[in-house]
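Participant: I have a structure here, written as structure tokens, and I will follow up with some questions on it.
FYI, it's all coordinate maths here, none of it is from the lab. This structure is a prediction, so every number in the text was calculated from the model and none was measured. When we count neighbours, we look across all protein chains shown, and the Cβ atoms used for this are built from the backbone with ideal geometry, even at glycine.
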Amino acid sequence: MPVSEAPYTRKWQHTHTRGHESLVTCGYCGRQVPKYKTFIKFRGFRITDPTVLQQVDKRYIHTFSQKIYVCPSCARFHRIVQRGRTARKKHLFR
Ligand SMILES: [Zn+2]
């Protein structure tokens, strides 16, 4: 039985039972936060040297970036915004 008749598949559902949420470590403050609350940010060093950019294959540049999870308070502090995930969060951070 479908939950809703919305014409799109919902992602990022909070499917875990209470108390069994997967915790991730915030990349900024190191706090343990539930994964569904976090924001995903890619942190890495940018190659700005054009000579190095010519030597490095562009396909490999993304391997330098690191995926980090950011807790909501740090996301607000660092102005990381992922709009549109839920209608309620759309009105936050604005
Ligand atoms: Zn944090």
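Participant: Run the numbers for Thr51 and Val81: contour at 0.36 nm per residue of separation, minus the present Cα-Cα distance, in nm.
Facilitator: That pair, Thr51 and Val81, stretches by 7.5 nm at full extension.
Participant: According to a simple spin-label model (label point 7 Å from Cα along Cα-to-Cβ), what is the distance in nm between Thr25 and Lys67?
Facilitator: Label-label distance for Lys67 and Thr25, simple model: 1.7 nm.
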